[in-house]
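Contents: one structure, followed by commentary.
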Amino acid sequence: MKRKYYHVAFPAALVVVMVAFLSTIFFANANVSFADSAKKKSSAVARASAVEQTEARIKKLQGALKITEAQEGLWNNLTQVMRENAKDMDALTKDRAENAGTMNAVEHLKFHSQITEAHLNQLKKFIPPFEALYASMSDDQKKITDTLFRTGKYEKHKKK
């Protein structure tokens, strides 16, 4: 019985490992080719920076959340953190774009580790001002905020 299990489990495990290894190579090559192709595209077609994406997100959030005058100070604190985080992320991605062609697999993994750590640190900076703003929100604003975070949709919300 054990022998039959071994004949099934070992090939299955081998297939899983091979798929993981090949997908890692595929995704590593896909990222490099994407970075190379981005250099060839015109600036109009190039991907928006984190700062540009953040500015667009801030506008959408402010409209959707209906920030009041009393909440402006808290909102400004939050958007300042969002803008600082976006600038930091742009600096990291610029560094990667400049070195993508010369990175080996280990350097590529280390870069992804840096990105993950940066995201974690940015969340740690983001949560306190967000928590303060959220605490100041009306029940309707909280409901909208909860929906936005759950779905990611910035549609105009109906008034009741």
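Some points to look at:
- When each of Lys59/Lys87; Lys110/Lys143; Lys110/Lys153; Lys66/Lys94 is checked by Cα-Cα distance, pairs over 28 Å: Lys110/Lys143; Lys110/Lys153; Lys66/Lys94
- Segment Ala97-Glu72, length gained on full extension (0.36 nm per residue, minus Cα span): 5.3 nm
- Net charge of neighbours whose Cβ lies under 12 Å from the Cβ of Asn77, counting Lys and Arg as +1 and Asp and Glu as -1: -1
Read-outs: derived from the displayed coordinates by stated rules, not from any lab. Small disclaimer: the values here were computed from a predicted structure and weren't measured. For neighbour counting, all protein chains shown are included, and Cβ atoms are generated from backbone atoms with ideal geometry for every residue, glycine included.
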